[in-house]
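A.B. asks: Before I ask anything, here is the structure I am working with.
The values are calculated or read from the model by the stated rules, or taken from the named source; none is laboratory data. As the structure is a prediction and not an experimental result, all values here were calculated from the model. Positions of Cβ are backbone-derived with ideal geometry, glycine not excepted, and every protein chain shown enters the neighbour counts.
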Amino acid sequence: MTTSPTITEDATVPTPAVPAGAAGALTIDLGAIAENYRRLRAAFLEKPLAAVVKADAYGLGVEQVAPVLVKEGARSVFVAQPDEAIALRPLLDRCHPAISLYVLNGLMPGTEDDLLAHSVLPVLNSLGEIDAWRAAASRHGRALPAAIQVDSGMNRLGLPAEEVAVLKEAPERLQGIVPTCVMSHLACADEPAHPQNAEQLAAFRAARESLPKAPASLCNSSGIFLGRDYHFDLGRPGAAVYGVNPTPAAPSPVLPVVRLQARILQVRAIDAPQSVGYGATPRAPGPARIATVAAGYADGYLRSISGRGRAWVDGHEIPVVGRISMDLLALDVTKIAPEAAAPGCMVDLLGPQHGVDQLAQEAGTIGYEILTALGRRYHRTYLG
Ligand SMILES: Cc1ncc(COP(=O)(O)O)c(C=O)c1O
């Protein structure tokens with residue numbers, strides 16, 4: 001249990017002291033991340049869960065997040081790219097002596113020795129990659145561990161069925177390779193009724209029959225909620241750990257993790273009808289007070305939110321007006337008391353009342369993109 005404030009249930013957490021020069025305050029609740037991981041593990045019937053911390057832990061800071069997930073029991077860690085893994089290895093070694101660190105994007109030609117030097121394991125995504133890893137094993141005179149990914153229907157990464165069949169006929173192609181995990185990835189797990197889920201499950205099961213026995217892994221965050229048939233031995237949740245709802249058609253089983261506040265720079269009264277911002281996009285009639293706020297698309301407040309977003313000031317929901325620009329956005333604060341929407345006041349752009357999934361909907365995107373786009377100009381505070 002953390003005794004520090006949390007942002008999970010209410011909006012009363014005090015705004016951290018933000019340096020005058022910062023665009024805003026990004027508060028990341030590590031306690032909520034730990035709790036989400038525990039909730040997901042419970043939904044996964046207490047079987048092991050990996051930590052998926054690619055893209056700087058979905059934008060939230062891998063240096064802060066990875067130790068939390070290792071402390072919660074993660075012993076397999078996935079990133080996307082070799083350089084991410086190599087940079088992360090020393091930190092993981094300080095957290096725990098036996099972490100398997102995998103590169104999802106596979107074995108890029110020429111990276112074999114670097115991966116070996118840093119005890120990083122590739123996810124082998126093709127026969128070509130298997131051949132290259134086998135050659136590395138032979139060169140180094142020892143068996144090398146790796147995960148093997150099969151393509152069960154997403155047509156993105158992994159061995160297609162034809163290549164799995166080749167391996168079945170020629171198992172010597174895996175000589176010198178110790179498969180630590182046979183995995184695949186679901187394309188439609190967030191839509192439980194989608195027929196592709198069952199098709200991929202069947203394809204994954206069939207592929208496993210043709211491959212050496214190894215722990216199996218199929219589920220991302222949403223996959224965990226498809227039921228135990230999908231579970232196998234290891235879960236790989238990312239987004240839900242970071243507060244994105246893995247069951248979009250139902251209330252979220254996870255806690256919000258981020259709160260984003262930005263500062264009001266100026267407030268102006270306009271006589272309607274007047275436009276606001278680039279493109280002079282039209283505004284509803286009526287006199288209004290417009291607050292200009294120090295965050296824009298360079299900070300990950302996406303331009304597609306223009307004219308559609310919502311913010312919270314002093315407990316009230318208020319609309320974004322006009323186009324989002326690079327460093328600024330505008331809010332209609334007409335209904336807010338002037339002293340609560342004055343220069344220097346902070347507004348909530350993301351928070352308990354208005355979470356990452358809602359903002360994503362307003363932006364016409366998914367929570368994943370909102371999180372990974374969060375900019376570097378915010379003053380970051382970690383809770384818990
Ligand atoms: C292969 C693989 N496994 C697991 C994950 C984690 O997925 P999610 O963030 O949907 O839980 C990802 C993320 O894209 C992935 O590419």
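A.B. asks: Is it true that residue 87 is in a loop (DSSP other than H, G, I, E, B), free of Cβ contacts under 8 Å to residues at least 60 places away in the same chain and either within 17 Å of residue 34 (Cβ to Cβ) or away from the ligand (no atom under 16 Å from the Cβ) (or both)?
C.D. replies: no
A.B. asks: Does residue 68 satisfy being within 13 Å of the ligand (Cβ to nearest atom) and of a type in the set (A, V, I, L, M, F, W, C)?
C.D. replies: Numbers: within 13 Å of the ligand (Cβ to nearest atom): no; of a type in the set (A, V, I, L, M, F, W, C): yes.
For residue 68, the condition - within 13 Å of the ligand (Cβ to nearest atom) and of a type in the set (A, V, I, L, M, F, W, C) - is not met.
A.B. asks: Restricting attention to region 144-155, does a residue exist that is buried (at least 16 other Cβ atoms within 10 Å of the Cβ), outside any loop (DSSP other than H, G, I, E, B) and away from the ligand (no atom under 16 Å from the Cβ)?
C.D. replies: Filtering region 144-155 down to residues buried (at least 16 other Cβ atoms within 10 Å of the Cβ) leaves 144-153.
Imposing the further condition that a residue be outside any loop (DSSP other than H, G, I, E, B) reduces the set to 144-150.
Remaining after also requiring away from the ligand (no atom under 16 Å from the Cβ): 144-145.
Yes, region 144-155 contains a residue that is buried (at least 16 other Cβ atoms within 10 Å of the Cβ), outside any loop (DSSP other than H, G, I, E, B) and away from the ligand (no atom under 16 Å from the Cβ).
A.B. asks: Say whether the condition of being more than 20 Å from residue 247 (Cβ to Cβ), touching a Phe, Trp or Tyr at 6+ places or on another chain (Cβ under 7 Å) and modelled with pLDDT of 95 or more is met by at least one residue in region 79-90.
C.D. replies: Looking through region 79-90, none of the residues is more than 20 Å from residue 247 (Cβ to Cβ), touching a Phe, Trp or Tyr at 6+ places or on another chain (Cβ under 7 Å) and modelled with pLDDT of 95 or more.
A.B. asks: Right, next: Does residue 228 count as touching a residue at least 60 places away in the same chain (Cβ under 8 Å), over 21 Å from residue 104 (Cβ atoms) and more than 16 Å from the ligand (Cβ to nearest atom)?
C.D. replies: Numbers: touching a residue at least 60 places away in the same chain (Cβ under 8 Å): yes; over 21 Å from residue 104 (Cβ atoms): yes; more than 16 Å from the ligand (Cβ to nearest atom): yes.
Yes.
A.B. asks: For region 174-196, what are the residues that are over 16 Å from residue 208 (Cα atoms) and in a helix (DSSP H, G or I)?
C.D. replies: 195, 196
A.B. asks: Let me ask something else. Can you report the number of residues in region 109-131 which are part of a loop (DSSP other than H, G, I, E, B) and either farther than 18 Å from residue 212 by Cα or outside the structural domain of residue 148 (by TED's automatic domain parsing) (or both)? Steps first, answer last, please.
C.D. replies: Just the residues of region 109-131 that are part of a loop (DSSP other than H, G, I, E, B), to begin with: 109-111, 118-119, 125-126.
From the residues that got through so far, the ones that are either farther than 18 Å from residue 212 by Cα or outside the structural domain of residue 148 (by TED's automatic domain parsing) (or both) too are 109-111, 118-119.
So the answer is 5.
A.B. asks: Quick one: how many residues across region 240-257 are surrounded by 24 or more Cβ atoms within 10 Å (Cβ to Cβ) and either away from the ligand (no atom under 12 Å from the Cβ) or on the phi < 0 side of the Ramachandran plot (or both)?
C.D. replies: So the first thing to find is which residues in region 240-257 are surrounded by 24 or more Cβ atoms within 10 Å (Cβ to Cβ), and the list is 240-244, 246, 254, 256-257.
With either away from the ligand (no atom under 12 Å from the Cβ) or on the phi < 0 side of the Ramachandran plot (or both) added as a condition, the list becomes 240-242, 244, 246, 254, 256-257.
The number of residues fulfilling the criteria is 8.
A.B. asks: Do we have any residue at all in region 251-260 that's assigned to a loop (DSSP other than H, G, I, E, B), closer than 29 Å to residue 349 by Cβ, without any contact (Cβ under 8 Å) to a residue 40 or more places away in the chain and not aromatic (Phe, Trp, Tyr)?
C.D. replies: Yes; the residues of region 251-260 include at least one that is assigned to a loop (DSSP other than H, G, I, E, B), closer than 29 Å to residue 349 by Cβ, without any contact (Cβ under 8 Å) to a residue 40 or more places away in the chain and not aromatic (Phe, Trp, Tyr).
A.B. asks: Hey, could you check region 199-225 for residues that are surrounded by fewer than 23 Cβ atoms within 10 Å (Cβ to Cβ) and in a loop (DSSP other than H, G, I, E, B) and say which is nearest to the ligand (Cβ to nearest atom)?
C.D. replies: Once the filter is applied, the top-ranked residue is 220.
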